[in-house]
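*Asks:* Could you have a look at this structure, given as structure tokens, before my questions?
Every number in this text was worked out from the coordinates using simple rules, so none of it is lab data. What you see is a predicted model, and the numbers here were worked out from it, not measured in a lab. Ideal geometry is used to build each Cβ from the backbone, glycine not excepted, and the neighbour counts take in all protein chains shown.
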Amino acid sequence: MSVFLQLGPKPDEPHDITGRPSYPPETRTRLHSDANEIIARYPQARSALLPLLHLVQAEDGYLTPAGIEFCADQLDLTGAEVAAVATFYSMYRRTPTGEYLVGVCTNTLCAIMGGDAILKAVQDHLGIHVGQTTDEGQVTLEHVECNAACDYAPVVMVNWEFFDNQTPSSARDLVDALRAGQAPIPTRGTPLCTFRQTERILAGCGQSEGDGDTIGGATLAGLYTARENGMAAHGLEGED
């Protein structure tokens, strides 16, 4: 029996980087100043590629040929080298993104706990499919693999901030609030920023507003149980 395996991007994944081909001089000058600050943090300039990609994504709301060209020029790389890195990571967008990027985890545990039902409920409620943006430009919907937050499954992320223990009903309320311009407080982490503001923070050119709780009881349950039972990893006995 033969089995057909289709390689390459998923059918709903954008294949190309589109958008404006280059930046106007005033934009390049402004971005160049930020880029110099970012590059100076690294002993090798090309190590700054990932934050630079966040920088240009903050400019356009997604990666464009202009952003690829800018990063290549700053780091003495080819456009192909930059694009190869940019298309490897799912955090770099290839289509215009709304003010809030809503990602529903559909990996194993979240799916078992209701992630698939949440994704369907949000799609039906918004009237859009994965990868699309609502008409007013507030919400872009995507499914994500693992948020590394299985202890709070099912999880929805908005601009990379956690909204834990979601249900179809709470997820609908969440996107309604985002569309109304009333950004809810994440379960953990810092207050929500817009997608472009978040990208500048990830580039190292911005700062979030205050610190939030990043570790909850479910995350620490195993640690507490180990301590109560005098358990420790080999070689780490007595260490906190």
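*Asks:* Of all residues in segment 150-184, how many are polar (S, T, N, Q), in contact (Cβ under 8 Å) with a residue 40 or more places away in the chain and over 20 Å from residue 111 (Cα atoms)?
*Replies:* Matching residues across segment 150-184 total 1.
One line per residue, one yes/no per condition, for (1) in contact (Cβ under 8 Å) with a residue 40 or more places away in the chain; (2) of a type outside the set (A, V, I, L, M); (3) part of a loop (DSSP other than H, G, I, E, B):
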| residue | (1), (2), (3) |
| --- | --- |
| 81 | no, yes, no |
| 97 | yes, yes, yes |
| 102 | yes, no, no |
| 109 | yes, no, no |
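*Asks:* While we're looking at this one, here's another question. Is there any pair with a first residue in segment 215-228 that is farther than 19 Å from residue 188 by Cα and a second that is hydrophobic (A, V, I, L, M, F, W, C) whose Cβ atoms are under 9 Å apart and which are 6 or more apart or on different chains, and what are they?
*Replies:* Between residues of segment 215-228 that are farther than 19 Å from residue 188 by Cα and residues that are hydrophobic (A, V, I, L, M, F, W, C), the close pairs are 225/231; 226/232; 226/233.
*Asks:* When the residues of segment 166-203 are narrowed to those that are within 19 Å of the chain's Cα centre (by Cα) and under 17 Å from residue 116 (Cα atoms), which ends up surrounded by the most Cβ atoms within 10 Å (Cβ to Cβ)?
*Replies:* In this case the residue turns out to be 166.
*Asks:* Quick one: residue 134 ticks every box in (1) in contact (Cβ under 8 Å) with a residue 24 or more places away in the chain; (2) of a type outside the set (A, V, I, L, M, F, W, C); (3) out of contact with any Asp or Glu (no Cβ under 6 Å at 6 or more places or on another chain); (4) within 23 Å of residue 220 (Cα to Cα) bar one, so which box is it?
*Replies:* The failed condition is (4).
*Asks:* Taking segment 114-159 as the region of interest, how many residues are crowded, with 20+ Cβ neighbours inside 10 Å, out of contact with any Gly (no Cβ under 6 Å at 6 or more places or on another chain), under 23 Å from residue 199 (Cα atoms) and among the hydrophobic types (A, V, I, L, M, F, W, C)?
*Replies:* Going through segment 114-159 one residue at a time, the tally reaches 5.
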